[in-house]
Amino acid sequence: MNYGIEGRRAAVAAASGGLGLATARALADEGVTVAICSRSRERIDVAAAAIGPRAVPLVADVSTEAGASTFVRDARDALGGIDILVCNGGGPPPGTFTSTPPDAYRTAMELNCLSAIAMCGEAVPAMREQRWGRVLAITSVGVRQPIPTLILSNVARAGLTAFLKTLAREVAADGVTVNSLQPGLHDTDRIRQLHGGTIDAMQAGIPAGVIGRPDDFGRIAAFVCSEAASFLTGAAIPIDGGAHAGLF
């Protein structure tokens, strides 16, 4: 299928590994030039080499509002504009209500909510002017079904989801779509760290019987950013192998 985005320009945050890298690779496979970032020059250069000549590596720390804004500005300068923005970032530390101090919520909100809002603030106005744009955030299935040991992530990403839904309605008539993908368990360093290594899919309650593959996630992300998905906006889509059991 031709996604209709060849020649477009994308900024993909936190893309030196995991789902961010998989998304950047999938977009590049569709002919998109991707600016990707990491805090580590070495890691982002390795990721860019793995993607190929369509990747532009940048060093940025998107865990803060200032760093996130800087990444988008640097990506715009490097690419000559941004048509697709993928908001992504590392997750906060695990914890429960009992174990989590109040100040930790402020840090988590900046990491997983305010930084993405800052990226949108830098990228969306130009998308509206050109009458075409795609905003995609990588959040977590914890927004839909809170994960008991990840209270910080649950709270921050839920706030971001509310922002994205509101933004989607405001900019839809300008040809800009705004969506989020809510990954469940995928084979990434973050998930292996949280679960102590090997994960049994059936014990983890995944009806598909396997842990998600990052490359499969990336292809779904690329479709959501495609021309074919122009009528899809304001959606928060779980990508979890059927693990979420709720009707909504």
Highest-fluctuation residue, I51, I138, I206 considered, GNM on the chain with Cα pairs under 10 Å = I206
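Taking 0.36 nm per residue of sequence separation and subtracting the Cα-Cα distance, how much length would be gained by fully extending the chain between T96 and A245, in nm to one decimal? Write down the numbers at each step before the final one.
Details: separation 149, 0.36 × 149 = 53.64 nm, distance 2.24 nm.
Here the answer is 51.4 nm.
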By how many degrees, 0 to 90 and rounded to 10, does the Cα axis of helix 151-171 deviate from the longest principal axis of the chain?
-> 30 degrees
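Quickly rank 80-89, 13-22, 37-46 as a protection proxy: mean count of other C-beta atoms within 10 Å, highest first. It would help to have the intermediate numbers written out before the result.
Working: 80-89: 23.8, 13-22: 25.7, 37-46: 17.4.
In descending order of packing, they fall as 13-22, 80-89, 37-46.
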Rounded to the nearest Å, the spacing of the alpha-carbon centers of region 4-23 and region 41-68 is 10 Å
GNM result for the chain, Cα springs below 10 Å: residue of E227, E65, E170 fluctuating most strongly = E170
Nearest 10, in degrees from 0 to 90: the angle of helix 41-51 to the longest Cα principal axis of the chain is 70 degrees
If you stretched the chain out fully between E42 and R213, how much longer would it get, using 0.36 nm times the residue separation minus the C-alpha to C-alpha distance?
-> 59.1 nm
Helix-only [θ] at 222 nm, the chain, -39500 (n - 2.57) per DSSP H run of 4+, per residue, nearest 500, equals -12500 deg cm²/dmol
In a Gaussian network model over the chain where Cα atoms closer than 10 Å are linked, find which of A108, A228, A168 has the largest mean-square fluctuation.
-> A228
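In Å, what Kirkwood hydrodynamic radius results for region 30-154 from the alpha-carbon pair distances?
On the way: mean 1/r = 0.0638 Å⁻¹.
Mean inverse Cα-Cα distance, inverted, gives 15.7 Å.
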Using 1/(1 + (r/R0)^6) with R0 = 35 angstrom and r between the beta carbons of D189 and E227, what's the FRET efficiency to the nearest 0.05?
-> 0.60
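Throughout, read-outs are computed from the coordinates displayed, never taken from laboratory work. As the structure is a prediction and not an experimental result, all values here were calculated from the model. We place every Cβ from the backbone using ideal geometry, glycine too, and count neighbours over all the protein chains shown.
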